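Undergrad: Would you mind keeping the following structure in view while I ask a few things?
The values are calculated or read from the model by the stated rules, or taken from the named source; none is laboratory data. Predicted model, so just to flag it, every value in this text is computed and none were measured. Note that we place each Cβ from the backbone using ideal geometry, even for glycine, and neighbour counts take in every protein chain shown.
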Amino acid sequence: MTAPLKPVDPAQSSPYASPWSGSERARRILWEFCWAVFCSWTPKPLNSWRLFWLRTFDAKIYGTPFVHQRARIAIPWKLTMHDRSSLGDRANAYSLGEIEIGPRAIVAQEVYLSAGSHDFSHPACPLVVAKMTIGEDTFLGARTFVMPGVTIGARAIVGACSVVTKDVPNDVVAAGNPCRVMRPREGVAPASS
């Protein structure tokens, strides 16, 4: 079931007011500076260096995932990546809420993982967030857009340019705008841990 959206700051009184504290905004500026200066220019083989900086900013890194040098990560301390998962070229982890990428999951180039949106029913349009989970052995095709609170099941394949607004079950091939299940994914056995 898609996770419910929760306001970052329930007291946000205006669309122009930031829901983030001053210290959190400063930390995000420092993160963006460090990624730009120390990581965005690095060649692919320097993945361990990029993972070092993600860990420095409290990303939860398990094993050895791969993060492309041109990937964008909004708030690293809200990102969890498991062993051999990957965040591709120009993929955008807009981690205003929690984003968890499971073992061996592939987030292809220019995928947009959006863990935040706005409550448009409220005059202040407050920022709302929900945890997003990308299951193990999942493949998200190029330029897929995933909405806040969505869970993509284990071993699912989501076709390129899909817009995922609802949960995707395990072991399926899904695609489209809005994304829908096309057929079962056959011939793939669950991975043993």
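Undergrad: Please indicate, with yes or no, whether at least one residue in region 103-114 is farther than 24 Å from PHE66 by Cβ, assigned to a loop (DSSP other than H, G, I, E, B) and at pLDDT 95 or above.
TA: Of the residues in region 103-114, the ones farther than 24 Å from PHE66 by Cβ are none.
Looking for residues that are farther than 24 Å from PHE66 by Cβ, assigned to a loop (DSSP other than H, G, I, E, B) and at pLDDT 95 or above, one finds none in region 103-114, hence no.
Undergrad: Does region 26-47 include one or more residues that are under 12 Å from the mean Cα position of the chain (by Cα), surrounded by fewer than 19 Cβ atoms within 10 Å (Cβ to Cβ), closer than 23 Å to ARG143 by Cβ and modelled with pLDDT of 95 or more? I'd like the intermediate steps shown before the answer.
TA: Kept after step one, since they are under 12 Å from the mean Cα position of the chain (by Cα), are these residues of region 26-47: none.
Within region 26-47 (the criterion being under 12 Å from the mean Cα position of the chain (by Cα), surrounded by fewer than 19 Cβ atoms within 10 Å (Cβ to Cβ), closer than 23 Å to ARG143 by Cβ and modelled with pLDDT of 95 or more), the answer is no, since none of the residues qualifies.
Undergrad: When only residues in region 127-154 that are charged (D, E, K, R) and within 15 Å of THR165 (Cα to Cα) count, which is surrounded by the most Cβ atoms within 10 Å (Cβ to Cβ)?
TA: Residues of region 127-154 that are charged (D, E, K, R), as a first pass: 131, 136-137, 143.
When the remaining residues are screened for being within 15 Å of THR165 (Cα to Cα), the result is 131, 143.
On the way: LYS131: 18, ARG143: 16.
Filtering first and then ranking leaves LYS131.
Undergrad: What are the residues in region 26-64 that are closer than 20 Å to GLY97 by Cα, part of a helix (DSSP H, G or I) and among the β-branched types (Val, Ile, Thr), if any?
TA: Once the filter is applied, which keeps residues that are closer than 20 Å to GLY97 by Cα, part of a helix (DSSP H, G or I) and among the β-branched types (Val, Ile, Thr), region 26-64 yields ILE29, THR56.
Undergrad: Looking only at region 1-25, which residues are part of a helix (DSSP H, G or I) and loosely packed, with under 10 Cβ neighbours inside 10 Å?
TA: Filtering region 1-25 down to residues part of a helix (DSSP H, G or I) leaves 22-25.
If the condition is that a residue be part of a helix (DSSP H, G or I) and loosely packed, with under 10 Cβ neighbours inside 10 Å, then GLY22, SER23 are the ones that fit.
Undergrad: Okay, next question. If I go through region 126-174 residue by residue, how many of them are under 12 Å from ALA3 (Cβ atoms) and in a loop (DSSP other than H, G, I, E, B)?
TA: The number of residues fulfilling the criteria is 8.
Undergrad: So, of the residues in region 65-86 that are touching a Lys or Arg at 6+ places or on another chain (Cβ under 9 Å) and assigned to a strand (DSSP E or B), which turns out to be surrounded by the most Cβ atoms within 10 Å (Cβ to Cβ)?
TA: Step by step, filter region 65-86, then rank; the result is MET81.
Undergrad: Can you work out which of the residues in region 96-126 that are surrounded by fewer than 22 Cβ atoms within 10 Å (Cβ to Cβ) and aliphatic (A, V, I, L, M) is nearest to the chain's Cα centre (by Cα)?
TA: Checked region 96-126; the qualifying residue nearest to the chain's Cα centre (by Cα) is LEU96.
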